[in-house]
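Trainee: Quick one: the structure is below, questions incoming.
The values are calculated or read from the model by the stated rules, or taken from the named source; none is laboratory data. Keep in mind the model is a prediction, meaning the values are calculated, not measured. Note that each Cβ is placed from the backbone with ideal geometry, even for glycine, and that neighbours are counted across all protein chains shown.
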Amino acid sequence: MNWSIGKTNKLPWPDNESGEPVPPAFLICLYGGPLDTELTLNLLEAYGIPHICEYPRNGFIGQLFMGQSSSGMEVYVPETLLDDARNIINADIDYEE
């Protein structure tokens with residue numbers, strides 16, 4: 001998969017114990033307008049979770065011309081943060097007292 005095409009954020013991608021970047025893991029495929037996707041991505045960023053976005057099946061062209069991709073946008077996060085990202089997306093956040 002070509003990770004250079006798509007939307008990325010400014011948060012640093014974590015490294016594993018050997019200094020290699022943690023592999024990305026699929027989180028969710030977002031469909032809808034730009035506002036829907038930006039809200040989800042900004043929520044991940046607010047909790048410090050870096051992400052990589054990919055437009056499958058040439059969806060980048062639709063994004064470029066129409067403002068949104070008919071095939072959605074796939075969001076990937078570091079596999080070590082996948083459970084946290086799922087909890088944030090699903091609003092299953094445990095608050096500490």
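Trainee: Identify the residue in the stretch 1-28 that is among the hydrophobic types (A, V, I, L, M, F, W, C) and at pLDDT 90 or above and, among all such residues, is surrounded by the fewest Cβ atoms within 10 Å (Cβ to Cβ).
Mentor: Applying the first criterion (among the hydrophobic types (A, V, I, L, M, F, W, C)) to the stretch 1-28 yields 1, 3, 5, 11, 13, 22, 25-28.
Retained after the next criterion (residues that are at pLDDT 90 or above): 13, 22, 25-28.
On the way: 13: 14, 22: 16, 25: 15, 26: 12, 27: 22, 28: 18.
Checking each candidate, the answer is 26.
Trainee: For the stretch 30-44, which residues satisfy the criterion of being surrounded by fewer than 14 Cβ atoms within 10 Å (Cβ to Cβ) and of a type outside the set (Ser, Thr, Tyr)? Break it down stepwise before answering.
Mentor: From the stretch 30-44, those surrounded by fewer than 14 Cβ atoms within 10 Å (Cβ to Cβ) are 31-36, 38-39, 42; that's our starting set.
32, 33, 34, 35, 36, 38, 39, 42, listed by residue number.
Trainee: Could you check how many residues of the stretch 45-83 are assigned to a helix (DSSP H, G or I), out of contact with any Pro (no Cβ under 8 Å at 6 or more places or on another chain) and either modelled with pLDDT of 85 or more or of a type in the set (A, V, I, L, M, F, W, C) (or both)?
Mentor: The number of residues fulfilling the criteria is 9.
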